[in-house]
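What follows is calculated from the coordinates using simple rules that are stated; it is not laboratory data. Note that the structure is predicted; figures quoted are calculated from it, not measured. Positions of Cβ are backbone-derived with ideal geometry, glycine not excepted, and every protein chain shown enters the neighbour counts.
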Amino acid sequence: MENKKYITRKKEVIFTELDEDEAVLLSLENKIYYSLNETGMAIWRLINGKRTIEDISAMVAGEFSVAAERINKPVLEFIKTLEKEKLIILSESAKESN
């Protein structure tokens with residue numbers, strides 16, 4: 001998976017915060033709930049169709065005051081999981097504004 005790909009949330013996924021460091025995603029497509037911790041929530045909030053995996057990794061590293069080298073692999077693994085579960089769409093170009 002290339003870090004230069006843009007990430008878009010699928011419209012069939014509902015995000016709900018339970019408290020400040022826990023949230024759930026509900027896929028209306030497969031009827032499964034996914035639990036997110038604080039880091040997962042931060043990544044999900046940054047997914048807007050206009051940011052690449054690389055952009056999101058850098059922003060998460062800044063938010064949690066962690067070196068980018070330490071955060072890149074976990075962010076990439078999380079993105080791979082989101083893609084495998086069909087919660088996001090990866091593309092070569094940024095999503096156009098509506």
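What do you reckon, is Val66 of a type outside the set (Lys, Arg), surrounded by 13 or more Cβ atoms within 10 Å (Cβ to Cβ) and over 27 Å from Tyr33 (Cβ atoms)?
Values: of a type outside the set (Lys, Arg): yes; surrounded by 13 or more Cβ atoms within 10 Å (Cβ to Cβ): yes; over 27 Å from Tyr33 (Cβ atoms): yes.
Taking the combined requirement at face value, the residue satisfies it.
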Criterion first (of a type outside the set (Gly, Ala, Ser) and over 13 Å from the mean Cα position of the chain (by Cα)) does Glu38 satisfy it? no
Note down all Cβ pairs under 9 Å where the first residue falls in region 30-41 and is more than 27 Å from Ala58 (Cα to Cα), the second is of a type in the set (Asp, Glu) and surrounded by 10 or more Cβ atoms within 10 Å (Cβ to Cβ), and they're at least six residues apart or on different chains. Asn30/Glu12; Asn30/Glu85; Ile32/Glu85
Identify, by number, the condition in (1) at negative phi; (2) basic (Lys, Arg); (3) in contact with a strand residue (DSSP E or B) (Cβ under 8 Å, 6 or more places away or on another chain) that Arg70 doesn't meet. (3)
Among the residues of region 57-98, which ones are among the hydroxyl-bearing types (Ser, Thr, Tyr) and farther than 16 Å from Met41 by Cβ? Ser65, Ser91, Ser93, Ser97
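Filter region 13-34 for residues that are surrounded by fewer than 17 Cβ atoms within 10 Å (Cβ to Cβ) and touching a strand residue (DSSP E or B) at 6+ places or on another chain (Cβ under 6 Å) and give the result.
As a first pass, look at region 13-34 and keep what is surrounded by fewer than 17 Cβ atoms within 10 Å (Cβ to Cβ): 14-22, 24, 26-33.
Passing the criteria: Ile14, Phe15, Thr16, Glu17, Val24, Leu26, Ser27, Tyr33.
Within region 3-29, can you find the residues that are acidic (Asp, Glu) and either closer than 13 Å to Arg51 by Cα or without any contact (Cβ under 8 Å) to a residue 24 or more places away in the chain (or both)?
Let us first name the residues in region 3-29 that are acidic (Asp, Glu), namely 12, 17, 19-22, 29.
Hits for region 3-29 are Glu12, Asp19, Glu20, Asp21, Glu22.
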Scan (1) out of contact with any Lys or Arg (no Cβ under 7 Å at 6 or more places or on another chain); (2) under 15 Å from Arg9 (Cα atoms); (3) β-branched (Val, Ile, Thr) for the single condition Ile47 breaks and write down its number. (1)
